[in-house]
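Only one structure is covered here, and it is reproduced in the block below.
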Amino acid sequence: MPGRNDNGPEKYFGDREGTEKANYHVVPHDGNWALKREGEDAPVETGGDRDKLVEAGKNRAGEHGAMVIVHNEEGKIEDQIEC
């Protein structure tokens, strides 16, 4: 994957997690989907429509120049959207 970072999750997320520059992830969650902010355990939003959560993530991420990382049903990254 282009832009792959092999420094480990602590280094990769450490600079952004918990800040307004944190990226948003759309991930599988209890049979539905969740929009999560990096560094936070609790979802920002949940629902059954992944596309709606991607749009919500784009709105939130766009406010701070962050990204939305979209995962598939198995939890693997499917897309990265710069906002």
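Scan the range 35-83 for residues that are out of contact with any Asp or Glu (no Cβ under 7 Å at 6 or more places or on another chain), part of a strand (DSSP E or B) and hydrophobic (A, V, I, L, M, F, W, C) and report the count.
The total comes to 4.
Residue-wise test of (1) at positive phi; (2) exposed (fewer than 12 other Cβ atoms within 10 Å of the Cβ); (3) over 12 Å from the mean Cα position of the chain (by Cα); (4) modelled with pLDDT of 90 or more.
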position: Asp6; (1), (2), (3), (4): no, yes, yes, no
position: Pro9; (1), (2), (3), (4): no, yes, yes, no
position: Lys36; (1), (2), (3), (4): no, no, no, yes
position: Gly39; (1), (2), (3), (4): yes, no, no, no
position: Pro43; (1), (2), (3), (4): no, no, no, yes
position: Glu55; (1), (2), (3), (4): no, no, no, yes
position: Arg60; (1), (2), (3), (4): no, no, no, yes
position: Gly65; (1), (2), (3), (4): yes, yes, yes, no
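The values are calculated or read from the model by the stated rules, or taken from the named source; none is laboratory data. Values in this document were obtained by computation on a predicted structure and should not be read as measured data. Cβ sites come from the backbone with ideal geometry, for glycine too, and all protein chains shown count toward neighbours.
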